[in-house]
Each structure stands twice: as C-alpha cells, then as structure tokens.
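Q: Quick one: structure below, then a few questions.
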Amino acid sequence: MNNVATRTPILELTNLSKTFANKVIFKNINLQVMKNDILSIVGPSGVGKTTLLRTILGLEPVDSGSFKFAGQVFDPTDHSQNQIGIVFQDYRLFPNLNVLENITLAPIQAQKQTPAAAVQQADRLLEFLKLTPQRKLYPFQLSGGQKQRVAIARALILEPQILCYDEPTSALDSSNKWQVANLLRQFQKQGMTQLVVTHDDQFAQKISSDIFQMG
Amino acid sequence: MKYIIQILPSLLNGTRITILLFAITLVLSIPLGILFALGLRSKFKPLAILLDLYVWLMRGTPLLLQLIFVFYGLPIIGIVFERFTAAVVAFVFNYAAYFAEIFRGGLQAVSHEQREAAALLGLSRGQTLRFIVLPQVIKIVLPSISNEVINLIKDSSLVYVLGIGDLLRAGNVATARDVTLVPLLMVGLIYLILIAGLTYLQKVIERRFSYYE
C-alpha cells in the first residue's frame with residue numbers, strides 16, 4: 001500500500017459534466033489522480049469512460065467543471081506541454097512512418113530536439129520495450145502487442161507526467177495482457193503516474209493503486 | 001522515311017510546346033489543387049462555398065469553352081492575354097479544380113483519429129499536414145492524379161483553337177499542305193510515346209509509395 005502521507009494529487013477533476021445530443025454522458029465527476037499511482041477507470045461499455053478520458057486529453061469539451069494539474073488550473077486542450085500522454089485503444093500509429101520515425105517525429109518536430117538525441121532516446125526505449133529488431137519496420141508489419149509497445153514508446157519519449165491508456169487489453173491475448181500489466185508496474189516503480197480506462201475488472205484489480213467506478 | 005525526317009522538326013517543335021504547356025499546368029495546378037482542397041474543407045464557410053462554386057463551374061463547363069472565354073472573351077472587358085498565357089490560365093484553373101476534388105477525397109480518407117494523435121503529441125497542424133497527412137494523401141490519390149495527368153497531355157491539343165503551334169497543329173498543317181496521313185499518324189505516335197513515358201513514371205512513383213500499407 002502507498003503511504004497516505006506521501007500521496008499528492010497530480011490531476012484533479014472537479015464537478016465535470018458532459019452531455020451529448022441531450023444525453024447525459026456523465027455528471028458531476030470528481031476525481032483525483034495521485035502521483036505515482038495507477039488509477040483505473042472501470043465500468044461497463046457505454047458508460048462514458050472513454051469520453052471522460054477524451055475530456056482529460058482535451059479532445060472533448062466539457063459542459064462544466066474544472067481541471068487542475070499539479071495544483072494549477074489546467075487547460076487540457078493545450079497540448080504544447082505534453083504533460084499527458086496517451087496510448088489509444090487502436091494505437092493510432094502513423095502508417096507512413098516506420099517505428100523509429102513514429103517515435104521520434106514529435107520530439108524532433110514539436111519539442112525541437114536534435115534528431116541524434118531523439119534517436120538515442122528512442123533506441124533506449126525500444127531496447128527496454130524489446131522492440132529493437134522492429135525499429136525500421138512499418139506499423140502494418142507489427143503484431144498488435146508490438147504496435148501497442150510502439151505507441152507506449154511514442155508517448156513516453158515526450159516524458160509526460162501522466163500516461164493514459166484506453167482499453168489497453170482489449171486487443172491482446174492473455175499472455176500479452178499480463179506482459180502489459182508487468183510493464184505498467186515497471187513504469188510505476190520508475191515514478192510514472194498512469195491512468196487506465198478499462199472494462200476488464202480482473203486487469204484493473206491486478207494493476208491498480210486505485211479504482212474509479214463509473215456507471 | 002525521307003518525308004518523315006523532313007516533317008520531324010516541325011512536329012518536334014509542336015511537341016515542345018505541348019510539353020511546355022503540360023509541365024507549366026502541372027507544376028501550378030497541383031499545388032493550387034492542394035490549397036483549394038484544404039479550402040474546401042475549411043471551417044470558414046464563405047471560403048468553402050466559394051471554392052465549391054469554382055469547382056462546379058470549372059468541372060461543369062467544357063475546357064474548350066474556358067479556353068475561348070479566356071482568350072477571345074475576356075478582351076471584351078479589357079483583360080487581354082497573349083495566346084500561350086491564355087492557354088496556361090485556362091488549363092491551370094481547370095485542372096486545379098479537378099485536382100482539388102481529388103485531394104479533397106484524399107484528405108477525407110486520412111482518418112481524423114490520426115490528426116488527433118498528432119495533436120496530442122504536440123505537433124502543429126502544419127507539421128501534421130506535412131509529415132503525416134500529405135504523404136498518405138499522395139499515396140491515396142496517385143492513381144486518380146495519374147489519370148488526370150494523362151488526360152492533360154491529350155487535352156493540351158485543345159489549344160489548337162487559340163492558334164498555338166502545338167503538336168496537333170504541326171501535324172494538321174503538314175497533312176493539309178502535303179495531302180498525306182503520315183503527319184497525323186506521327187502525331188498519334190508521339191502522343192502514345194509521351195503517354196507511355198508518363199505511365200512508366202506513374203508506376204515508378206507508385207512503387208516508391210508502396211513501402212507501407
């Protein structure tokens with residue numbers, strides 16, 4: 001168990017509400033994501049988990065409510081700081097770029113890192129994620145698990161404060177699923193805060209420091 | 001054979017004009033088509049409506065009419081172009097409209113999800129367009145663009161009506177003068193050679209983009 005005294009919130013959602021086409025998606029959500037935790041948002045399909053995640057990522061506007069990041073009011077639509085990383089359910093790798101290019105595009109273009117520095121960092125991540133042999137392959141040449149790890153590397157290279165996953169186990173077989181669980185635990189040991197949206201209760205129970213139930 | 005050698009210089013000179021018109025039209029109308037395609041998808045509605053109207057006009061009226069309008073019609077209201085410039089203006093605006101529609105379809109085919117992923121990585125819209133969207137759009141639109149490019153070579157013969165000495169005019173003049181079918185057969189052969197070259201180039205470019213699915 002985490003020591004309560006050392007747990008500080010890194011992300012705070014207050015009274016978040018969202019309607020879509022007159023349908024209430026969620027109402028008055030209050031949620032704190034503690035630093036270095038793995039928080040899972042669970043609930044049946046269609047309950048608004050992914051929509052909640054999309055509002056945190058600034059991809060959907062909320063009708064009301066506020067966000068705080070590390071104690072400061074936070075605008076999730078400003079993506080310039082790369083504070084929150086995401087691994088999408090369908091990974092969303094860029095099909096025209098190889099693995100290395102997928103990972104280094106944002107550090108080179110958005111963060112203005114030198115290509116050499118970005119490649120060096122990407123190679124470290126690829127080695128850690130056991131993807132070195134795939135570094136020059138294109139997404140269509142990868143398995144589902146490999147694509148997911150590339151998506152993780154692509155998010156991690158920007159050194160986000162929080163890494164989010166949308167249904168990380170939905171496309172994986174059981175063995176890959178527990179590999180992902182181990183990976184998340186390793187990231188946690190390295191100090192990463194993680195937010196997992198999943199309908200897989202078993203997976204959530206296994207990995208989470210805290211669980212937020214929706215629906 | 002002697003006759004062919006005799007008429008070849010005038011046919012090659014006509015070919016030069018045809019290729020020049022073709023190349024200038026292509027170099028100007030493709031970037032313009034991309035810009036218009038982006039405009040057609042603009043959230044600024046007046047721009048999108050204006051471009052829609054432009055595309056409708058250009059695709060809805062014959063290119064021959066547009067050529068005649070630019071060269072013979074516009075001088076009536078005081079806008080005068082030299083023959084070749086008039087041809088370039090009509091061709092560029094006509095082909096840009098077709099390319100705009102092709103690129104608009106290509107842009108639609110690149111999923112919104114990829115743009116979202118790029119935005120979350122902190123990439124600007126310009127960077128997303130340059131590194132992610134356009135390379136995919138080019139692969140998607142290559143077959144349609146290639147069709148239009150082949151049409152363009154053949155359509156360039158329409159400048160005949162403006163009295164420009166293109167390949168077709170060169171052949172027709174020789175046929176009328178010497179009362180023989182040979183020049184027209186040569187013209188057909190030169191068009192076929194040009195189109196064979198373009199078809200080969202199309203295959204090379206398509207191969208270059210076949211590195212991903």
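Rule-based calculations on the coordinates, nothing more; no lab input. Quick caveat, the model's predicted, so the values are computed rather than measured. In this analysis, Cβ positions are derived from the backbone assuming ideal geometry, glycine residues included, and neighbour counts consider all displayed protein chains.
Q: Name the most mobile residue of B:Gly171, B:Gly106, B:Gly197, meaning the one with the largest mean-square fluctuation, in a Gaussian network model of chain B with Cα contacts below 10 Å.
A: For chain B, modelled as a Gaussian network with Cα springs under 10 Å, the answer is B:Gly197.
Q: Per residue of chain B, what 222 nm ellipticity follows from adding -39500 (n - 2.57) for every DSSP H run with n ≥ 4, rounded to the nearest 500?
A: Values: 9 runs with 162 residues, N = 213.
It comes out at -26000 deg cm²/dmol, rounded to the nearest 500.
Q: Under a Cβ-Cβ cut-off of 13 Å, what is the net charge of the residues other than B:Arg104 that fall near it, where Lys and Arg count +1 and Asp and Glu count -1? Kindly include the intermediate steps, with their values, before the conclusion.
A: On the way: positive: B:Arg41, B:Arg59; negative: B:Asp52, B:Glu101.
Residues near B:Arg104 contribute 0 overall.
Q: Here is a follow-up. Over the whole of B:112-119, what's the average partner chain Cβ count within 10 Å per residue? Rounded to a whole number, please.
A: Details: counts 0, 3, 5, 1, 7, 12, 7, 5.
Across B:112-119, the average partner-chain Cβ count within 10 Å equals 5.
Q: Scanning chain B for helices, which whole DSSP H stretches are 20 Å or more long along the axis (Cα) and average -0.5 or more by Kyte-Doolittle?
A: Values: long enough: B:2-40 (54 Å, 1.70); B:45-60 (22 Å, 0.96); B:83-109 (39 Å, 0.89); B:134-155 (28 Å, 0.75); B:182-208 (39 Å, 1.31).
Qualifying helices: B:2-40, B:45-60, B:83-109, B:134-155, B:182-208.
Q: Dividing the Cα convex hull volume of the range A:93-159 by residue count, how many Å³ per residue is that?
A: Numbers: hull volume 4.8 nm³, N = 67.
Dividing the Cα hull volume of the range A:93-159 by its residues yields 72 Å³.
Q: Can you tell me the 0 to 90 degree angle between the C-alpha axis of helix A:174-189 and the longest principal axis of chain A, rounded to 10?
A: Once rounded, one gets 80 degrees.
Q: Right, another one. Rounded to the nearest 500, what is chain A's calculated 222 nm mean residue ellipticity when only DSSP H runs of at least 4 contribute -39500 (n - 2.57) each, over all residues? Spell out each step's value before the answer.
A: On the way: 6 runs with 69 residues, N = 215.
Computed mean residue ellipticity for chain A: -10000 deg cm²/dmol.
Q: Name the long-range amide H neighbours of A:Arg7: under 5 Å, sequence gap of 5 or more, or other chain; modelled H, no Pro or chain starts.
A: none
Q: Another question, if that's okay. How large is Rg/Rh for the range B:1-45, to two decimals, with Cα atoms and a Kirkwood Rh? Can you show the working numbers first?
A: Working: Rg = 19.3 Å, Rh = 13.3 Å.
Here the Rg-to-Rh quotient is 1.45.
Q: Next up: Inside 10 Å of the C-beta atoms of A:109-119, what's the mean count of C-beta atoms belonging to other chains? Mind showing how you got there, number by number?
A: Details: counts 10, 6, 2, 0, 0, 0, 0, 0, 0, 0, 0.
Counting other chains' Cβ atoms within 10 Å and averaging over A:109-119 gives 2.
Q: Taking K and R as +1 and D and E as -1, what net charge do the other residues with C-beta under 12 Å from the C-beta of B:Gly171 add up to?
A: Values: positive: B:Arg169, B:Arg177; negative: B:Asp166, B:Asp178.
Summing Lys/Arg as +1 and Asp/Glu as -1 gives 0.
Q: Just add up the charged neighbours of B:Ala48: K/R +1, D/E -1, any other residue whose Cβ is under 14 Å from the Cβ of B:Ala48. The partial results should precede the final answer.
A: Details: positive: B:Arg41, B:Lys43, B:Lys45, B:Arg104; negative: B:Asp52, B:Glu101.
Net of charged neighbours comes to +2.
Q: For chain B, modelled as a Gaussian network with Cα springs under 10 Å, which listed residue fluctuates most, B:Ala170, B:Ala90, B:Ala48?
A: B:Ala48
Q: What nm distance separates the two modelled labels at A:Asn182 and B:Val182, each placed 7 Å from Cα along Cα→Cβ?
A: 8.2
Q: Sort all Cα-Cα distances of the protein assembly as shown into consecutive 10 angstrom bins from zero, then give the percent of pairs in each bin up to the one containing the longest distance.
A: Bin by bin from 0 Å, the calculated values are 4, 17, 22, 18, 13, 11, 8, 5, 2, 0, 0.
Q: Continuing with this model, one more query. For the cross-link pairs A:Lys27/B:Lys45; A:Lys147/A:Lys206; A:Lys35/A:Lys147; A:Lys130/A:Lys189; A:Lys136/A:Lys177, which exceed 29 Å when the distance is taken from alpha carbon to alpha carbon?
A: Working: A:Lys27/B:Lys45 34 Å; A:Lys147/A:Lys206 23 Å; A:Lys35/A:Lys147 27 Å; A:Lys130/A:Lys189 18 Å; A:Lys136/A:Lys177 25 Å.
Long pairs (Cα-Cα over 29 Å): A:Lys27/B:Lys45.
Q: Mean projection of the alpha-carbon convex hull of chain A over all orientations, in nm²?
A: Details: hull surface 49.1 nm².
Here the figure is 12.3 nm², rounded to one decimal.
Q: Follow-up. Counting residues in the range B:1-99 as N, plug N into 2.2 N^0.38 Å and put the Cα Rg over that result. List each step's numbers first, then the result.
A: On the way: Rg = 17.3 Å, N = 99, 2.2 N^0.38 = 12.6 Å.
In units of the globular-protein estimate, the range B:1-99 measures up at 1.37.
Q: I need the P(r) histogram for the range A:54-177: all alpha carbon pairs, bin width 10 Å from 0 out to the longest distance, whole percents.
A: Computed distribution, short to long bins: 13, 41, 32, 13, 1.
Q: Could the peptides B:110-120, B:79-89 be put in order, highest first, of the mean number of other beta-carbon atoms found within 10 Å of their residues? Present the calculation step by step, with values, prior to reporting the outcome.
A: On the way: B:110-120: 18.0, B:79-89: 16.4.
Per-residue mean Cβ counts within 10 Å order the peptides as B:110-120, B:79-89.
Q: Same structure, new question: Over all pairs of distinct alpha carbons, what does the Kirkwood formula give as the hydrodynamic radius of chain B, in Å?
A: It is 19.3 Å.
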